[in-house]
Amino acid sequence: MWYLTEGRQAILDTVREFVRTEVAPQALEIDATHEFPLALFKRAGELGLLGVTVPEEFGGLGADQTTSALIYEEIATAMPVLTIAMGAHSFLAGGLIEMLGSVEQKKTYLVPAAAGEIIMACGSTEAVGGDNQVEFATRAVLDGDEWVLNGGKVLICNTGVADLYVVVAVTADHVDPVTKAGLSAFLVPAGTPGLGIGKPEHKLGWHGSATGSLSFTDCRIPRENLLGPLDGCLQAMFVSATTEFLSCGPVSLGIAEGAYRMALAYSLERTQQGQSMFDRFQVTRHKLARMYGEIESLRALVYSTYAERDRGQLCLAQGRLLKIKGAEVSEYVAREAIQLFGGVGTVVETGVERYWRDAKVMAIGGASVEALNDVVAGLIKRNLA
Ligand SMILES: Cc1cc2nc3c(=O)[nH]c(=O)nc-3n(C[C@H](O)[C@H](O)[C@H](O)COP(=O)(O)OP(=O)(O)OC[C@H]3O[C@@H](n4cnc5c(N)ncnc54)[C@H](O)[C@@H]3O)c2cc1C
């Protein structure tokens with residue numbers, strides 16, 4: 001592959017071994033039990049996979065974005081949900097700290113986060129308004145030297161297991177519908193009195209992501225736990241969320257590859273009247289050829305976009321396109337893979353239908369593809385795409 005340099009290949013080799021020996025053997029169990037993959041998450045920290053792009057002074061590998069994409073793609077071939085937990089930690093929460101945090105805040109949180117010593121989550125979405133921040137109701141009010149938070153968040157990954165929650169709250173009289181000024185980010189450590197943690201939702205896919213709700217009832221945090229400018233976190237969030245949307249490209253690519261590999265192997269192995277399904281049915285061959293084509297098109301889009309990002313482009317529109325296109329391709333390939341398996345494809349223990357469940361959630365989790373398309377349209381109109 002044109003994007004595989006010697007350095008990236010070396011990291012990829014390590015990740016392949018991790019996936020083969022530790023991640024893949026636990027994938028079905030995590031899917032069945034819905035347990036957060038804590039041991040694997042910690043192991044990812046030991047291997048440096050939780051702070052790939054974080055500067056070395058803050059405990060990361062200081063590697064480029066393409067290296068991060070390779071890692072996410074490889075892990076997602078076996079256990080997509082591990083990359084979801086990693087992304088919420090490193091890109092959603094970690095990205096905001098990296099963009100908005102003081103040097104002290106970065107040292108305090110990014111260093112142990114990169115090593116997997118602490119787990120982080122990012123709470124933005126609310127029950128009313130979804131990801132339309134203008135309608136947010138969680139408020140933070142300054143009282144002496146403390147911020148007092150009241151309100152709640154829903155559908156937040158890594159809840160319960162996180163040691164630190166990066167929380168978005170309203171700090172002005174109202175949120176400006178255009179600039180979104182009036183929202184600020186806060187660092188809320190687990191265990192803070194007044195912080196309530198809901199139990200994980202039972203979901204279609206991403207089993208083990210520990211996605212649940214947060215509540216704040218007179219939850220007091222020190223004044224210095226404000227992250228970034230007062231009333232002005234949303235612009236940074238728009239940019240930092242791009243990194244998370246970008247990562248949905250390689251994650252979706254990994255999901256599609258995992259499902260495709262299983263379908264190809266099965267079609268070559270399953271026989272009818274002495275012939276494999278692959279050799280016997282043109283429709284089987286053509287399905288696989290089209291799945292392969294979609295995967296390779298997505299790969300081209302993913303790695304050319306990451307190359308742009310590594311050249312310093314923000315990729316605001318392209319990042320969102322990776323999430324949109326990735327969700328489409330992974331859902332299509334995973335759906336066709338189930339079809340090629342026939343009846344056993346619908347059996348959970350076969351291990352192929354879970355790729356479709358995970359792919360379906362890719363179109364919503366973090367942001368719906370429809371809302372993202374709307375943002376892309378806005379960027380096109382402003383000539384920012
Ligand atoms: C598994 C999972 C994990 C998640 N993890 C996190 C997390 O860690 N942190 C966090 O803050 N949030 C998280 N979320 C929340 C996620 O970001 C929201 O679910 C998503 O933004 C959609 O918001 P909503 O569910 O309220 O849907 P709504 O906003 O109610 O939207 C419903 C539907 O309406 C349509 N729609 C909505 N807005 C638009 C628009 N602007 N243009 C066109 N159509 C639109 C879409 O079809 C959308 O699916 C997670 C969600 C899931 C499912």
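Key figures
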read-out	value
Lone unmet requirement of (1) open to solvent by 30 Å² or more (accessible area, probe 1.4 Å); (2) over 24 Å from the mean Cα position of the chain (by Cα) for residue 225	(1)
Residue 322 being open to solvent by 10 Å² or more (accessible area, probe 1.4 Å) and farther than 24 Å from residue 154 by Cα	no
Count of residues meeting criterion [in contact with a Ser or Thr (Cβ under 9 Å, 6 or more places away or on another chain), modelled with pLDDT of 95 or more, open to solvent by 20 Å² or more (accessible area, probe 1.4 Å) and not basic (Lys, Arg)] in the stretch 128-144	2
Test: residue 265 is under 30 Å from residue 237 (Cβ atoms) and either assigned to a loop (DSSP other than H, G, I, E, B) or at pLDDT 95 or above (or both)	no
Considering residues of the stretch 121-172 that are within 28 Å of residue 36 (Cβ to Cβ) and among the acidic types (Asp, Glu) only, the residue nearest to the ligand (Cβ to nearest atom)	131
Matching residues in the stretch 271-292 - criterion: being buried (at least 17 other Cβ atoms within 10 Å of the Cβ) and touching a residue at least 24 places away in the same chain (Cβ under 8 Å)	277, 284, 287, 288, 291
Condition met for residue 69 (away from the ligand (no atom under 12 Å from the Cβ) and more than 21 Å from residue 161 (Cβ to Cβ))	yes
Matching residues, the stretch 1-15, being in a helix (DSSP H, G or I) and surrounded by fewer than 16 Cβ atoms within 10 Å (Cβ to Cβ)	6, 7, 9, 10, 13, 14
Single match in 351, 343 (criterion: more than 16 Å from the ligand (Cβ to nearest atom), open to solvent by less than 20 Å² (accessible area, probe 1.4 Å) and either at pLDDT below 95 or among the small types (Gly, Ala, Ser) (or both))	351
Top-ranked residue of the stretch 190-222 - restricted to ones that are in a loop (DSSP other than H, G, I, E, B) and aliphatic (A, V, I, L, M), ranked as nearest to the chain's Cα centre (by Cα)	210
Residue 162 vs. criteria open to solvent by less than 30 Å² (accessible area, probe 1.4 Å), in contact with a strand residue (DSSP E or B) (Cβ under 7 Å, 6 or more places away or on another chain) and in the same structural domain as residue 85 (by TED's automatic domain parsing)	no
Yes/no for residue 77 being more than 13 Å from the ligand (Cβ to nearest atom), open to solvent by less than 40 Å² (accessible area, probe 1.4 Å) and over 24 Å from residue 225 (Cβ atoms)	yes
Any pair with Cβ under 6 angstrom, 6 or more apart, that starts in the stretch 195-217 at a residue that is more than 10 Å from the ligand (Cβ to nearest atom) and polar (S, T, N, Q) and ends at one that is open to solvent by 40 Å² or more (accessible area, probe 1.4 Å) and outside any loop (DSSP other than H, G, I, E, B)	213/154
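The values are calculated or read from the model by the stated rules, or taken from the named source; none is laboratory data. Only a predicted model underlies this, so the values are computations on that prediction, with no experimental measurement involved. A quick note on method: Cβ atoms are made from the backbone with ideal geometry, for glycine too, and the neighbour counts reach across all protein chains shown. Heavy atoms of the whole protein, side chains included, go into the accessibility calculation; ligands, DNA and RNA do not. Shrake-Rupley method; radii C 1.70, N 1.55, O 1.52, S 1.80 Å.
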